[in-house]
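Report on the structure given below.
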Amino acid sequence: MSLSDLHFTNEKRPTPAFRANPTEKARAAVLANIQVQRTLLNAERDGVPHNITKTIKTLDEDGNTITSTVNRKPRQWFWKNHQGKFIVEVLFGGQPIAINGKTAIEAGDLAGVEKVLNILAEATAAGELDKVLLDSKSKRKAGRKKAA
């Protein structure tokens, strides 16, 4: 085997998440949360509790690290209004974001919620929500107070 047997390429190594620019981080966060909302939606549709978990690390009295898995309680982006229609609200950093000047999206029923989540995922991946996400992030940072 020699070097002539190898197939060379100009591919670049993907950027690790911690080095991604703020826009990519915001997109990734929203897309990950949309996937969580899809899991919550499927659980709601099937009438069963969700099984979303997270891994936590704690210290015992000897100072050893204990890793355990616990149920996670994510906040739903969708709810039913008093008229029986489902409403979807996109949250970023725990706060609703305004898309086209409004924070809520009418979905109708659970199938509509799934359709709205799919449209939001496509728009996020395409970069259509970048400006809204960065505006939301800058407002959130401006409102924080430094600890004294």
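The values are calculated or read from the model by the stated rules, or taken from the named source; none is laboratory data. Just so you know, these numbers come straight off a predicted model, no measurement behind them. Neighbour counts are summed over all protein chains in view; Cβ atoms, including those assigned to glycine, are modelled from backbone coordinates with ideal geometry. Calculation scope for accessible area: heavy atoms of the full protein, side chains included, ligands and nucleic acids excluded. Shrake-Rupley method; radii C 1.70, N 1.55, O 1.52, S 1.80 Å.
Overview of values
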item: Potential extension, Lys73-Asn10 segment - 0.36 nm per residue separation minus Cα distance; result: 18.3 nm
item: Exposed trypsin sites (Lys or Arg not before Pro) absent: longest stretch of the chain, with sites in DSSP loops and at most 11 other Cβ within 10 Å deemed exposed; result: 76-143
item: Of Lys85/Lys131; Lys25/Lys85; Lys80/Lys102, those spanning more than 21 Å from alpha-carbon to alpha-carbon; result: Lys85/Lys131; Lys25/Lys85
item: Exposure of Phe8 as accessible area (Å², to 10), given a probe of 1.4 Å and all protein chains; result: 140
item: Kirkwood-based Rg to Rh ratio, the chain, C-alpha trace; result: 1.10
item: Apportionment of accessible area to carbon and sulfur, the chain, percent (1.4 Å); result: 51
item: Cα-based equivalent ellipsoid of the stretch 86-126: semi-axis lengths in Å, sorted from largest, via gyration tensor; result: 16, 13, 9
item: Where the chain is the region considered: accessible area per residue in Å², 1.4 Å probe; result: 74
item: Probe 1.4 Å - accessible area at Ile66, Å² to nearest ten; result: 70
